[in-house]
Amino acid sequence: MLYYALDRHERPRVEYYDDEGVLLFIFDVAEPTRFNGDVSAEPIGIITHGNMLFTFTADKTNFVNELISSIVKKASKEEFEAMQPIDVINKTLYQLSVQYFDYINQINSVRTNIQRNLRGKANKSAINHLLNLQTDLVYFLTSLGSNNDMINDFKRRFTMDLTEDQKAAVEDISIELQQGLSMAEMANAATQQVASAYSNLLDSDLNNTIKFLTVFSLILSVPNIVFGFYGENVKLPFMDKPIFSLIIWLVIIFAAIVSLPNLSQVVMEAGNPQMSSKTQMSKAQRLENQWGGGLDGTKSMNVVYHADKGRITNSQQKQIYAKVGKIQKSNGNNGISRITTAHTSPNGASKFISDDQSTEIVNIQVPESNAKSSSFANSIRSQFNVNDGLKTYVTGPQLINQNNNENILNVTNIVTIAAFALALLFIAIAFRSILAPILSFITMMIAYLVSLSATALMSTRLALPYSPYIPLLTTLVVILFGTVASFFLYRRFELVLRNSNDEDVDPSKVATKSLVYPFTAVAVITALAFGSLYILGFSSVRAMGSMAVVVIITLLAVMTITPMFMQLLGPTFFWPKKKTLKLVNEGFWSNLTHISLWQPIVGLVIAAAITVPLVAFYRSNVTYLPNNNLTAKSQAETGSRVLQAHFNQGKPTPVTIYIKNNQPFNNDNTISPIDEVTTKLQSQKNVSRVYSVTQPGGTEINKYYLRDQLSKTVSTLKGISNSLSGSQRTLKGANRTLKQKNIKNQTKSVNALIKQLDRINNTSQQAETNNFHTFSPLETAQSSKQAEKSKALRKNLSQLSDQLSNTSQSLNKLSNQISDAQNSGIDAQESVRQYSNQAARVRSEIASVNRTLKESKRKLTPITGYITGVKKSSAGNTFYISPQQINDTDFYQTKYNFASENQKITKLEVEFNDEPTGNTNLNNIHNMQNTVKTQLQNTNLRNATVAYTGQPIENANVQTNFDRDFMVGTLMILAIFFVGLIIVSRSILHPLWWLITYVMSALAGLQATQLIMHYTTNDGRLNWEAFIAMIVPLGIIGTMGVVEISHVSHPFSVNFMTSMVNPFKK
């Protein structure tokens, strides 16, 4: 029997063993942890023997013991005395059956979210989620079906010995199991439909991919056929017709322009760093999607009202709330899911109103797509605007991120125009020509448009990572590589024209052929270096791998389009220049080179004096703030600055901590740990405010703490003591003045005392209830003794009430006897005797009442003293919320703001004193996570799911991934450069020296740039993405320069750097 109870694979069933008198239940329960790929339902064993009940659980199902314990504790005294083991089992199985509903609803929520994204890309994460959902549902269906069979078997075999209430409880379990089975079947069918739709979508994507590859392979086969004929030395049509290359490029550029996606949309969808499904932000997103109440998947934005001239007036505040009320009546037609203000958060006003009263926040929940939209923000700003001396802003982390991306694209457009203009000007000055720069511009523009389209399509079609810096880097690569390659190709073509007298020789072919090797070496090395970044994990670093495609496209454009123009135009390529200029080596850079070669030690000392200090004192000053790229022209950024100025630096970018528990947050056992976490986080270094369901305003609410509750209890007990003293004095007076004429008045006094005692008794009962509430969280032996004293006090008060009732009856009887004697004229002696006996009885009863009063006062004194001591001790800071307080209006509104619809998920919002950047942010996040983990591990929430989200979390993830992958990527690029230079130069030491020199030069230049920025703008910080972007132009320039130096056999007549700086001299 024990073997059955302990078997992890035992099917649900019920058995009765006659010999031992033991009843065995095997029941499948849903695990509290899900979506982890493990079995989501396991059996538990319950054995009853007489009045004893035994449970057999595993680690993952140990929560059943806590459930049974709570059922027993919640039972009243009468229920507990009448409770049988079968009653506990019925309530336990009912709760475990209902628990399936929550998990099935969670599955439906996740499935709905996946279904909502069905129109997008079918990513691996969604497929894994569907697989986990289907697996969970298989186990749930099997478990629910087996549980239902077990209950039906129990009903058939054992219910004849049960009471009607117990039979009804079993029937309730059966109904819930059938309902759960129906829900699971429906969820399973819906999940299969979504999986089928995803399968169809994947098939469609596969068909499109195969179609694309087929077309692409056909396109690639054409050049192979053509080049194959060329390789056979066959005379072909169009062989000497350069127009053929032009036609091919025209087709390519037309296809590139037609297929070019909207870059703003691409940046919005894929421009931000992509996080894996295992990160905290992804876990938090899944919990956000289970929030319910119409808030699934929504994001937070803040409408900021600011008064430049002092405080926000009452009139302005009324206008704000009137505007909010008007918008709320639109029933969500404006794209807002929920609005929260200081008015709707009575205990959390400090969260929405600054200390100087000049700034007020209205928080809105909107769909994620709207949270990123500048046009939506402008629309919301106009709707909430109050034209009464208040400035209105709409801000939020997602909006600022998107504004940052849009700002990068705007800057990219300006840089692109400027870069093409400078390249045009450079070629024009270098060759004293008008036509050459125009032809160069055409070549590079074709390469730029094709590259721009290719990189965007790689993201949208092949799901490769993208970055808002990709268009800018595409411009830099095309301009740098294209201009330098064009310069050398033009130079070589000009030299061939000047020196060649053979009319049969095609100068364009000679010039092109002489540069094929160095240009190909540069392109291959850089393409391999950048392409290697695709093997890294961080999406923003991987996105730079697309520059490999840009380099190849630029090389093909320069080496095919430019020779075509050269062949077509011949000497007129350099129109209007009449003759070529002689190339000379004299000049500043040539003289500097000659000095270094003449006195290498002097040159080395000069170079070291310039670079070594900058390299030695180099300090990486990186910022991970998106708004570092924004100016005050962005209303979202301005609103963020206003919040930082009037609240704290971390106000615009809080961390949200989601905590999900199996039991709802609607009792002290689950809510108290949240307050402990909140209070502990408040004391953490660099934390400004923490908002939670227990502290919605970032500060403690006194009425939810024992010190306040005990103060009320002490006041109540002192009132009882005073009332008892007054009663004692009254009864003593009655005992002394027990005369005939005073009997009626004394009877009235005693009846008044009875009523007063009833009030005292009720007050005492409330005080006892408060004492129990007080003693429960303290859990000490002394508190238990005081609780027993409190019960004894109430017993004495009850006894006192009975004695007073008897005294009242005796007084009435005494009064009646006197009246009868006077009216009937009975014997005076007999009347006196009866009167004397009754009076003696009354005096005895009054004396007994006085003794009881004295005993009650004696027992009351230590209770009052103990509670007063507890109030003054550290125990008085203990959080306790009673069921009545949980259900009051204030806390109901707080739960509405901080708890999910099913009350099983709550959130905390943490604001730091600093902006979320650098190692300070990493330390803050690390300390916060350790604090939460430590505070929850010994509470009822130790098995709860905890997830973190917010801009600080995203910045910390970005920094961690950037620090790792940027260094690894840089080392990979340098390693490929080094190997490429070894192959080109056929040497090892020379490339090593060149590489070290170039790295030192790059670091020195970077430090000099930051110093210049610091002294000119008072901000020497560079955005983290700028470091990634710098790798690309530095790699292009370094590779071209070092390859030119290392390739000694190529027919260049001058050094690369000398030619670029001072190419011609008259």
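Of Ser540, Ser508, all but one fail to be small (Gly, Ala, Ser), more than 22 Å from Ser433 (Cβ to Cβ) and either part of a helix (DSSP H, G or I) or at pLDDT 90 or above (or both); the exception is Ser540. Scanning the stretch 383-412 for residues that are part of a helix (DSSP H, G or I) and closer than 11 Å to Gln635 by Cβ, we see that the one that is modelled with the lowest pLDDT is Asn403. Taken residue by residue, the stretch 990-1005 has no member that is among the aromatic types (Phe, Trp, Tyr), under 38 Å from the mean Cα position of the chain (by Cα) and either surrounded by 15 or more Cβ atoms within 10 Å (Cβ to Cβ) or more than 30 Å from Lys299 (Cα to Cα) (or both).
Give me the helices (runs of 4 or more DSSP H) completely within the stretch 1-87, filtered to those with at least 3 residues that are exposed (fewer than 15 other Cβ atoms within 10 Å of the Cβ) and modelled with pLDDT of 75 or more, ordered by residue number.
On the way: elements: 2-6, 63-74, 77-82.
Counting at least 3 such residues, we get 63-74, 77-82.
Taking the condition in a helix (DSSP H, G or I), at pLDDT 70 or above and surrounded by 14 or more Cβ atoms within 10 Å (Cβ to Cβ), does Ala608 pass? Considered against the rule, which asks whether it is in a helix (DSSP H, G or I), at pLDDT 70 or above and surrounded by 14 or more Cβ atoms within 10 Å (Cβ to Cβ), Ala608 comes out as no.
Taken as a whole, the structure places Leu439 among residues that are farther than 25 Å from Ser264 by Cα and in contact (Cβ under 8 Å) with a residue 24 or more places away in the chain. Can you find a residue in the stretch 110-118 that is under 24 Å from Glu66 (Cβ atoms) and surrounded by fewer than 17 Cβ atoms within 10 Å (Cβ to Cβ)? No, that holds for no residue. Evaluating His990 against the criteria (1) in a helix (DSSP H, G or I); (2) modelled with pLDDT of 80 or more leaves one unmet condition, (2).
Checking each residue of the stretch 421-433 against the condition of being of a type in the set (S, T, N, Q), in a loop (DSSP other than H, G, I, E, B), under 25 Å from Gly292 (Cα atoms) and in contact (Cβ under 8 Å) with a residue 40 or more places away in the chain gives no match.
Any residue that is of a type in the set (Val, Ile, Thr), out of contact with any helix residue (DSSP H, G or I) (no Cβ under 9 Å at 6 or more places or on another chain) and at pLDDT 85 or above - is there at least one of those in the stretch 196-218? Please lay out each step first, then the result.
Within the stretch 196-218, the subset of a type in the set (Val, Ile, Thr) is 209-210, 214-215.
Among the residues that remain, those that are also out of contact with any helix residue (DSSP H, G or I) (no Cβ under 9 Å at 6 or more places or on another chain) are: 209-210, 214-215.
This time we only want the ones that are at pLDDT 85 or above, so: none.
Taking every residue of the stretch 196-218 in turn, none turns out to be of a type in the set (Val, Ile, Thr), out of contact with any helix residue (DSSP H, G or I) (no Cβ under 9 Å at 6 or more places or on another chain) and at pLDDT 85 or above.
If the condition is being of a type outside the set (A, V, I, L, M) and under 27 Å from the mean Cα position of the chain (by Cα), then the stretch 393-410 contributes Tyr393, Thr395, Gly396, Pro397, Gln398, Asn401, Gln402, Asn403, Asn404, Asn405, Glu406, Asn407. Residues in the stretch 379-408 that are basic (Lys, Arg) and under 21 Å from Gly310 (Cα atoms): Lys391 only.
Tell me whether the stretch 466-481 contains one or more residues that are more than 23 Å from Phe1027 (Cβ to Cβ) and in the same structural domain as Ser540 (by TED's automatic domain parsing). Checked against the condition, which is being more than 23 Å from Phe1027 (Cβ to Cβ) and in the same structural domain as Ser540 (by TED's automatic domain parsing), the stretch 466-481 yields no hits at all.
Against the definition (aromatic (Phe, Trp, Tyr), modelled with pLDDT under 65 and crowded, with 18+ Cβ neighbours inside 10 Å), how does Tyr866 come out, yes or no? When the stated conditions are applied, Tyr866 passes them. The set of residues from the stretch 925-951 being outside any loop (DSSP other than H, G, I, E, B), of a type in the set (A, V, I, L, M) and either within 18 Å of Asn661 (Cβ to Cβ) or over 13 Å from the mean Cα position of the chain (by Cα) (or both) comprises Met928, Val932, Leu936, Val946, Ala947.
Residue by residue, here is whether (1) touching a residue at least 40 places away in the same chain (Cβ under 8 Å); (2) exposed (fewer than 15 other Cβ atoms within 10 Å of the Cβ); (3) out of contact with any Ser or Thr (no Cβ under 7 Å at 6 or more places or on another chain); (4) small (Gly, Ala, Ser) holds:
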| site | (1), (2), (3), (4) |
| --- | --- |
| Thr142 | yes, no, yes, no |
| Arg156 | no, yes, yes, no |
| Asp161 | no, yes, yes, no |
| Ala184 | yes, no, yes, yes |
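Exactly one residue out of Thr341, Thr412 is over 28 Å from Gly297 (Cβ atoms) and either in the same structural domain as Asp888 (by TED's automatic domain parsing) or buried (at least 18 other Cβ atoms within 10 Å of the Cβ) (or both), and it is Thr412. For the stretch 992-1030, filtering for residues that are within 27 Å of Ala529 (Cβ to Cβ) and of a type in the set (Val, Ile, Thr) leaves 5.
Being modelled with pLDDT of 90 or more, over 30 Å from Gln106 (Cα atoms) and among the small types (Gly, Ala, Ser) narrows it down to one residue among Ala899, Ala944, Ala975; which is it? On inspection, the qualifying residue turns out to be Ala975.
Condition check for Thr191 on (1) closer than 30 Å to Ser459 by Cα; (2) within 35 Å of the chain's Cα centre (by Cα); (3) among the hydroxyl-bearing types (Ser, Thr, Tyr); (4) loosely packed, with under 14 Cβ neighbours inside 10 Å: one failure, at (4). Of the residues Ser514, Ser500, Ser539, the single one that is surrounded by fewer than 23 Cβ atoms within 10 Å (Cβ to Cβ), free of Cβ contacts under 8 Å to residues at least 12 places away in the same chain, more than 18 Å from Leu424 (Cα to Cα) and not basic (Lys, Arg) is Ser500. For residues in the stretch 637-660 being polar (S, T, N, Q) and part of a helix (DSSP H, G or I), which is farthest from Met281 (Cα to Cα)? Restricting to residues being polar (S, T, N, Q) and part of a helix (DSSP H, G or I), the top hit is Thr638.
Here is a check on your reading of the model: is Val550 closer than 17 Å to Val477 by Cα, in a helix (DSSP H, G or I) and either at pLDDT 90 or above or not assigned by TED's automatic domain parsing to the domain that holds Phe574 (or both)? Give the steps one after another, and end with the answer.
On the way: closer than 17 Å to Val477 by Cα: yes; in a helix (DSSP H, G or I): yes; either at pLDDT 90 or above or not assigned by TED's automatic domain parsing to the domain that holds Phe574 (or both): yes.
When the stated conditions are applied, Val550 passes them.
Okay, residues lined up against (1) more than 23 Å from Ile114 (Cβ to Cβ); (2) out of contact with any helix residue (DSSP H, G or I) (no Cβ under 8 Å at 6 or more places or on another chain):
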| residue | (1), (2) |
| --- | --- |
| Asn147 | yes, no |
| Phe154 | yes, no |
| Met160 | yes, yes |
| Ala168 | yes, yes |
| Asn188 | no, no |
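Residues that are surrounded by fewer than 20 Cβ atoms within 10 Å (Cβ to Cβ) and either part of a helix (DSSP H, G or I) or touching a residue at least 60 places away in the same chain (Cβ under 8 Å) (or both) within the stretch 967-987 comprise Met967, Val968, Thr970, Leu971, Met972, Leu974, Ala975, Phe978, Val979, Ile982, Ile983, Ser985, listed in sequence order.
The values are calculated or read from the model by the stated rules, or taken from the named source; none is laboratory data. The shown structure was predicted, so the numbers you read here are calculated from the model rather than taken from an experiment. Using ideal geometry, Cβ is built from the backbone for each residue, glycine included, and neighbour counts are taken over all protein chains shown.
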